[in-house]
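The values are calculated or read from the model by the stated rules, or taken from the named source; none is laboratory data. These figures come from a predicted structure and were not determined experimentally. Here the Cβ positions follow ideal geometry from the backbone for every residue, glycine too, while neighbour counts run over all protein chains shown. Accessible surface areas use protein heavy atoms only, side chains included; no ligands, DNA or RNA. Shrake-Rupley method; radii C 1.70, N 1.55, O 1.52, S 1.80 Å.
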Amino acid sequence: MSNSAVYEPPVEGRFGSKGIYPPRFVQLKQELSRGKEEFIKTAWNEVLDELATQTKVIAETGPAYVPQVDFADLQKLTPAEIDKIKRIGSVIVRNVIDDDEVVGYKESLKEYVKANPHVAGFPPNNKQFFEMYWSKAQLQARSHPNLLALNTFLNNLYQADDDSVVDLNQPLSYADRFRIRNPSKIPWGAHGPHIDG
């Protein structure tokens, strides 16, 4: 299959009009790294070595590498299971919101997009990724009591100093777009693996 079949959205939509950061960011990075070049190279090589080691472990372990838990069992996790979640840095939590409720959110979004075809999205000729952040369904999902409880639970796997302004019991919500992918054999290149951060 040729790469021409993979849709790549314009960079402008993700990183600004030219797809590059202003020159002041280059200057700032140079100032921060000046005199530390060897330390940075050594640290980077250590990261690459550890990534190679962990990549091998992940490949050998497969999907079981990432811990999984049912929402109803969160409070039953053993200290060893919690340590594994913290060490891996990821966990799949299933059954946070009832399936029927989730399908209702999706149907609401589909109805909204159908009634408002001007909603920005891509690919332009077959929109599957929508530039919407604050629809009723998105807000309902983000503010669902179970999701807020899950966020609070995960926040509290970590600690904050007593005098910190951070409150781990107050979950923050990340407002993201939504996508409804259509069945297709064409690789979805519009939004590959990434970390929002």
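Quickly rank 91-97, 115-121 as a protection proxy: mean count of other C-beta atoms within 10 Å, highest first. Display every interim value, and only then the final one.
Numbers: 91-97: 14.6, 115-121: 11.1.
Descending packing order for the listed peptides: 91-97, 115-121.
How would you classify segment 57-109 from its alpha-carbon gyration tensor, with a ≥ b ≥ c the square roots of the eigenvalues: rounded for a/c under 1.5, else prolate if a/b is greater than b/c, otherwise oblate? Since a/c reaches 1.5 but b/c is at least a/b, the shape of segment 57-109 is classed as oblate. Dividing the alpha-carbon radius of gyration of segment 68-161 by the rule-of-thumb value 2.2 N^0.38 Å gives 1.40.
Using the structure shown, list the pairs from 106/127; 110/136; 41/86; 84/106; 29/86; 56/76 with a Cα-Cα distance above 21 Å, or answer none. Spell out each step's value before the answer.
On the way: 106/127 15 Å; 110/136 12 Å; 41/86 27 Å; 84/106 33 Å; 29/86 30 Å; 56/76 31 Å.
Over 21 Å apart, Cα to Cα: 41/86; 84/106; 29/86; 56/76.
Among 21, 112, 105, the order of accessible area from largest down is 21, 112, 105, computed with a 1.4 Å probe on protein heavy atoms. The mean sequence separation of alpha-carbon pairs under 8 Å and at least six residues apart, normalised by the residue count of segment 14-113, gives a relative contact order of 21 percent.
If packing is taken as the average number of other Cβ atoms within 10 Å across a peptide's residues, how do 68-75, 142-149 rank, most packed first?
Working: 68-75: 12.6, 142-149: 14.4.
The packing order, highest mean first, is 142-149, 68-75.
Measure out, as a whole number of angstrom, how far apart the alpha-carbon centroids of segment 45-108 and segment 112-178 sit. Answer, in whole Å: 18.
Placing unit charges on the Cβ atoms of the charged side chains and taking the dipole of segment 65-197 about its Cα centre, the candidate lying farthest along the positive direction among 164, 128, 102 is 128.
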